[in-house]
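The values are calculated or read from the model by the stated rules, or taken from the named source; none is laboratory data. Here the structure is a predicted model, which means the values were calculated and not measured. Please note: Cβ atoms are built from the backbone with ideal geometry, for glycine as well, and neighbour counts cover all protein chains shown. The area values use the complete protein model at the heavy-atom level, side chains included, leaving out ligands, DNA and RNA. Shrake-Rupley method; radii C 1.70, N 1.55, O 1.52, S 1.80 Å.
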Amino acid sequence: MERERKRAAREEERRRVARSRRRAGLIAAAVVAVIVGGFAAVYFTPLLSVRTIEVEGNSTVPTEEILADLAIPMGERLVRVDAGSAAQRVAGIPALASVRVQRQYPSTVRVTVVERVAIVFVDKPDGTHLIDADAVDFAVAPPPPGVVRLVVDSPGPGDPVTESALAVLTSLPDVLRGQVGEIRASSISDVSLLLTDGRTLVWGNNENSERKSAVALALLSQPGQILDVSSPDLPTTK
């Protein structure tokens, strides 16, 4: 009787193990089916394809130009969209300072751009070149209101004289900057501002800008055509 009982127990255990294995096999098959189905849905069906492209942040660069450089066709599988490469293509537009491309499931590509803002312009034989705070020459176009003429020998990124002049300009308080029509620099320590009333403000280098601005604003009420704040503790007028 004892041997019979043990044999029955072993048989039951084998059946239990077999049932467990069948159940595990069915679960594994179901998981594989879901994975394969999801893969097929992503790669071989239009469920997750590009149906909308959104462009944000542009005001001067046409959306059509951005889309042309983006080069992502409608209907492309979203998972196949290389957002990094697309962003690099759009970043080739000179007037854009930064570009971000995102895939947003189920069917949207979002492009977010930041445009360059001109703070100075340079007169060249082919026209007026707009330059931003990073010294990037990004467009040939009429200067917007408030943009200042820059006069240096070699305007552009990496030129110390250009960078010194732009550092001076961007450090000015609005009340003083609004009176500047032109900024000139022959060296990093020889920056001068031509004011809209015809007077010249000799600035020197781009150090002590806060102190120089305060002294310059005080000198504006004094007579003289040349106001020199290059040594702000010893300002002069002529």
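For the reader, a short list of remarks on this structure follows.
- Filter result for the condition that a residue is without any contact (Cβ under 8 Å) to a residue 12 or more places away in the chain and open to solvent by 10 Å² or more (accessible area, probe 1.4 Å), over Asp190, Asp197, Asp159, Asp174: Asp174
- Residue-level analysis places Asp134 among those that are of a type outside the set (Lys, Arg) and within 23 Å of the chain's Cα centre (by Cα).
- If you go through region 185-199 and pick out every residue that is part of a strand (DSSP E or B), among the small types (Gly, Ala, Ser) and farther than 17 Å from Leu219 by Cα, you end up with 3.
- Remark: Ile131 matches the filter, which requires a residue to be within 22 Å of Leu172 (Cβ to Cβ), modelled with pLDDT of 95 or more and β-branched (Val, Ile, Thr).
- Listed by position, the helices (runs of 4 or more DSSP H) contained in region 81-184 that have at least 1 residues being in contact with an Asp or Glu (Cβ under 6 Å, 6 or more places away or on another chain) and not aromatic (Phe, Trp, Tyr) are 83-91.
- Taking every residue in region 208-222 that is in contact (Cβ under 8 Å) with a residue 12 or more places away in the chain and pairing it with any residue that is among the charged types (D, E, K, R), at least 6 positions away or on another chain, the pairs with Cβ-Cβ distances below 9 Å are Arg211/Asp233; Val215/Asp233; Leu219/Asp228; Leu220/Asp197; Leu220/Arg199.
- Per the listing Thr128, Thr112, the residue uniquely free of Cβ contacts under 8 Å to residues at least 24 places away in the same chain, touching a strand residue (DSSP E or B) at 6+ places or on another chain (Cβ under 7 Å) and either within 30 Å of Glu182 (Cβ to Cβ) or open to solvent by less than 60 Å² (accessible area, probe 1.4 Å) (or both) is Thr128.
- In region 61-88, residue most open to solvent (accessible area, probe 1.4 Å) [restricted to those that are acidic (Asp, Glu) and under 21 Å from Glu115 (Cβ atoms)]: Glu64
- Some residue of region 152-167 being of a type outside the set (Val, Ile, Thr) and in contact with a Phe, Trp or Tyr (Cβ under 7 Å, 6 or more places away or on another chain): no
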